[in-house]
Amino acid sequence: MTFPKKNVLNFDKGGADSKSRILNTATSIFAEKGLDGARVDEIAEKAEINKRMIYHYFGNKENLYIEVLRTNLQKICDVSAEGYNPNDDFKINLKRVLERYFYFLAANEEFVRLINWEALNRGVYIDKLLSEFRNQYQESLNQLLETGIKSGILSQDLDIEQLMLSIDGLCLIYFSHNETFKRLWSKKSNSKEMLNKRIEHIYQLLMNGIILENKKQE
C-alpha cells in the first residue's frame with residue numbers, strides 16, 4: 001500500500017478503527033513469529049496503516065506487544081466472568097465456565113500461540129500484566145468455589161491456586177500440543193466430536209477430584 005508523503009497525520013479521524021486494526025494485525029503476527037521475529041513494517045503494511053501511527057498509539061514494538069497480551073488476557077477474564085451465574089448450582093456453573101474457556105481456546109489459536117511464546121521467553125512481558133488480571137480471574141473462580149463450599153459440595157480447604165493450575169493445564173495442553181496430537185489420532189483434534197469428548201473428560205476428572213461426595217465414597 002502507498003501512503004501519502006505528507007508529514008501531517010490525522011490521528012483523530014477513525015482513530016478507534018485504526019487502533020483496532022493495528023491490534024488485530026499485531027496479534028496475528030506476534031502469534032506467528034513472536035516478539036523478536038515480528039517487524040513493525042510488516043504490521044503496518046498488513047494493517048494498511050502508516051507506521052508512524054503505530055508509534056503514536058503504542059510508542060514502540062514492545063509496548064504494542066504488551067497491549068496485545070493485555071487485550072487477549074482481558075478476553076479470558078470476560079469469558080470466565082460471563083460463565084458464572086449466581087442463580088445456578090455449582091455443577092452447572094463449573095461445567096459452563098470450563099466449556100467457555102475450553103471453546104475460547106479452540107476458537108483462538110493465536111491466543112494459545114501467544115501464551116506459548118511467553119512461556120518460551122520465561123514470561124518476561126506477561127509478568128507486567130498479571131497483577132492487573134489475577135484478581136479479576138480469581139474473583140470469578142472464587143465466587144464459583146464459594147457456591148460449592150456453602151452447598152457442601154466442596155471441601156473448605158480446597159486450594160484455589162492448584163485448582164486454577166489443573167484447569168488451565170487440562171485445557172491448554174490440548175491446543176498447545178495440537179500439532180502432535182493430530183498426528184496420533186484418526187479423527188481431527190479440532191473436530192466437534194473430539195472437542196466435545198475432551199471437555200467432557202476434563203469435567204468428569206474434576207468432578208471426581210474435587211467433589212466432596214465422591215471422596216466420601218472412596
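Cβ-Cβ distances below 8 Å connect the following pairs, each with a first residue in segment 189-208 that is modelled with pLDDT under 95, a second residue that is outside any helix (DSSP H, G or I) and surrounded by 12 or more Cβ atoms within 10 Å (Cβ to Cβ), and a separation of six or more residues or different chains: Ser189/Lys182; Asn190/Lys182; Met194/Lys188. The residues on offer are Lys19, Lys33, and the sole one that is outside the structural domain of Val124 (by TED's automatic domain parsing) and buried (at least 17 other Cβ atoms within 10 Å of the Cβ) is Lys19. Return yes or no: is Phe111 touching a residue at least 24 places away in the same chain (Cβ under 8 Å), buried (at least 16 other Cβ atoms within 10 Å of the Cβ), closer than 19 Å to Ser176 by Cα and aromatic (Phe, Trp, Tyr)? So Phe111 fits the description; yes. Among the residues making up segment 75-108, those that are farther than 22 Å from Lys150 by Cβ and touching a residue at least 60 places away in the same chain (Cβ under 8 Å) are Ile76, Cys77, Glu99, Tyr101, Phe102, Tyr103, Leu105, Ala106. Given the criteria surrounded by 17 or more Cβ atoms within 10 Å (Cβ to Cβ), touching a Ser or Thr at 6+ places or on another chain (Cβ under 7 Å) and either among the aromatic types (Phe, Trp, Tyr) or not assigned by TED's automatic domain parsing to the domain that holds Ala38 (or both), does Phe102 qualify? In short, no.
The values are calculated or read from the model by the stated rules, or taken from the named source; none is laboratory data. These numbers were taken from a predicted model, which means no experiment stands behind them. Here Cβ is always computed from backbone atoms with ideal geometry, including for glycine, and neighbour counts include all displayed protein chains.
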